[in-house]
Amino acid sequence: MTMSKVKKQILHFHLKGKREYQEDTWFISKDENLFIICDGVGGANKGNVASNTVTNYIGGQLNSIENIGIADVTSAIEKSAKKLKEMAIDNHGMANMATTIALLHLSDNNAIVAHVGDSRIYHYDPYADKLSCTKDHSLVQELFDLGVIKTEEEMSKHPMKNRITRALSATLNKEAYNEVPTVEKIENIREGSVFLLCSDGVTESATNDEILSLLKQPNLEEAFLNLKQSCIENSKDNSTCIIVKV
C-alpha cells in the first residue's frame, strides 16, 4: 500500500503566543497529502497577509495537479512570491511583507519537502532510528556552518538568531531576500515514519534532541500535547506545528 493511501495520524496546533498578531498560517489538503506552514516575517508589514496569500496560493496551485513533482512544488513557490509582488504594486502598504514556508507532500512511497527561511520540516525514520531536518536559511545557520558558532545552544542564544537570509517577499528590491526554495525528494518512506512541520516559535521551545524524543514516542499524541504545552509556557512567538505519522 502506498503512503498516500495509508491512514495517517495527523496532529496540529496553532498558537498566537505572546505576539499581538497571529502571522502563522497552516494548510492541510482534503486528501491529507499536502501540508504547509507559513510564518509571516516579524517586523515586516502585513506578515499575516503574506503568509495567508502564499499558503492559499500554493495550496490551490498544487491541488489542481494530479502527480506532483519537485518542479511543480518549486514553480508554485516561485509563483507565490510573484503574487506577493503583484499585490504590493497595487497596494504600497504591502511593499515589505514577507513570509517563510515549510511544505510537505506525500505520494506513493515518497515525500517532497520544501522550505524557505527558518520554518522547518523534521523526518524521523524509525527503521534507521534517525532524525533529519531541513537546514535553516538564517544567519546563525551560516555562522554554524562556518564554525563560528559551535552548538545548537549558542545558536538559540545568539543576538541575531531571528535574522533569516531567505523569504518569499513582496519587495522589488532584489537584495532584500534570496527567495530560492530548497526542495528535495525523500524516497522509500516506510510506514511508521513521522514528519513534523513547524514555525520557529516551536523550535524556540524545543531542541532537536527533544523533538527526536517526541517523534520516537509510541504514544505520539501525549508527546505532542507536551510539546504544545511547552510552547504555551515558553514561546514568545506564534507557534504552529503539524505532525504526520504515516
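FYI, it's all coordinate maths here, none of it is from the lab. Just so we're clear, the structure is a prediction, and the values are computed from it rather than from any experiment. Here Cβ is always computed from backbone atoms with ideal geometry, including for glycine, and neighbour counts include all displayed protein chains.
Is there a pair in Lys185/Lys228; Lys82/Lys161; Lys130/Lys157; Lys18/Lys216; Lys83/Lys150; Lys46/Lys161 whose C-alpha atoms are over 31 Å apart, and which pairs would that be?
Working: Lys185/Lys228 29 Å; Lys82/Lys161 27 Å; Lys130/Lys157 26 Å; Lys18/Lys216 29 Å; Lys83/Lys150 39 Å; Lys46/Lys161 22 Å.
Among Lys185/Lys228; Lys82/Lys161; Lys130/Lys157; Lys18/Lys216; Lys83/Lys150; Lys46/Lys161, the Cα-Cα distance tops 31 Å for Lys83/Lys150.
Restrict the search to the stretch 37-135; then list the GluC sites (Glu not before Pro) that DSSP places in a loop and that have at most 13 other Cβ atoms within 10 Å of their Cβ.
Glu66
Using the Karplus curve 6.51 cos²θ - 1.76 cosθ + 1.60 with θ = phi - 60°, work out ³J(HN,Hα) for each residue of the stretch 112-118 in order, rounded to whole Hz, and write x for Gly and Pro.
Using θ = phi - 60°, the values come out as 10, 10, 9, 7, 9, x, 10 Hz.
With θ taken as phi - 60° and the coefficients 6.51, -1.76 and 1.60, list the Karplus ³J(HN,Hα) couplings across the stretch 19-36 in order, rounded to whole Hz; mark glycine and proline as x.
6, 6, 10, 8, 10, 8, 9, 10, 8, 10, 5, 4, 7, 6, 10, 10, 9, 9
Would you kindly state the longest site-free stretch of the chain, with sites defined as chymotrypsin sites (Phe, Trp or Tyr not before Pro) in a DSSP loop (not H, G, I, E, B) surrounded by at most 13 other Cβ atoms within 10 Å?
128-246
³J(HN,Hα) across the stretch 158-168 via Karplus (A = 6.51, B = -1.76, C = 1.60, θ = phi - 60°), whole Hz, x for Gly/Pro?
My calculation for the stretch 158-168 gives 5, x, 10, 4, 9, 7, 8, 10, 9, 6, 8 Hz in order.
If you place +1 on the Cβ of every Lys and Arg and -1 on the Cβ of every Asp and Glu, how big does the dipole about the Cα centre of the chain come out, in debye to the nearest 20?
Roughly 340 debye, rounded to the nearest 20.
Pick from Gly47, Gly192, Gly147: which residue has the top mean-square fluctuation in a GNM of the chain where Cα pairs under 10 Å get a spring?
Greatest mean-square fluctuation among the candidates belongs to Gly147.
Please identify the GluC sites (Glu not before Pro) of the stretch 208-246 that satisfy two criteria: DSSP loop assignment and at most 12 other Cβ atoms within 10 Å. Which are they?
none
Helix-only mean residue ellipticity at 222 nm, the chain, DSSP H runs n ≥ 4 weighted -39,500 (n - 2.57), per residue, nearest 500. What is it?
That calculation yields -10000 deg cm²/dmol at 222 nm.
Under a point-charge model restricted to the Cβ atoms of Lys and Arg (+1) and Asp and Glu (-1), what is the dipole moment magnitude of the stretch 155-197 relative to its Cα centre, in debye to the nearest 20?
For the stretch 155-197, the charge dipole is close to 280 debye.
Report the one residue of Ile149, Val202, Ala88 whose Cα lies farthest in the direction of the positive end of the charge dipole of the chain (charges on C-beta: Lys and Arg +1, Asp and Glu -1; origin at the Cα centre).
Towards the positive end, the residue furthest out is Ala88.
Apply the a/c threshold of 1.5 to the C-alpha gyration tensor of the stretch 82-185 and tell me whether it is rounded, prolate or oblate.
Details: a/c = 3.06, a/b = 1.32, b/c = 2.32.
Judged from the Cα gyration tensor, the stretch 82-185 comes out oblate (a/c at least 1.5, b/c at or above a/b).
Starting from the stretch 177-217, pick out the trypsin sites (Lys or Arg not before Pro) whose DSSP state is loop and whose Cβ has at most 14 other Cβ atoms within 10 Å. Can you show the working numbers first?
Numbers: sites: Lys185, Arg190, Lys216; in loops: Arg190.
Within the stretch 177-217, the qualifying trypsin sites (Lys or Arg not before Pro) (loop, at most 14 other Cβ atoms within 10 Å) are Arg190.
Which residues' amide hydrogens lie under 5 Å from the amide hydrogen of Asn109, considering only partners 5 or more residues apart or on another chain, with H built in the peptide plane?
Residues meeting the criterion, in which the H sits 1.01 Å from N, are Met3.
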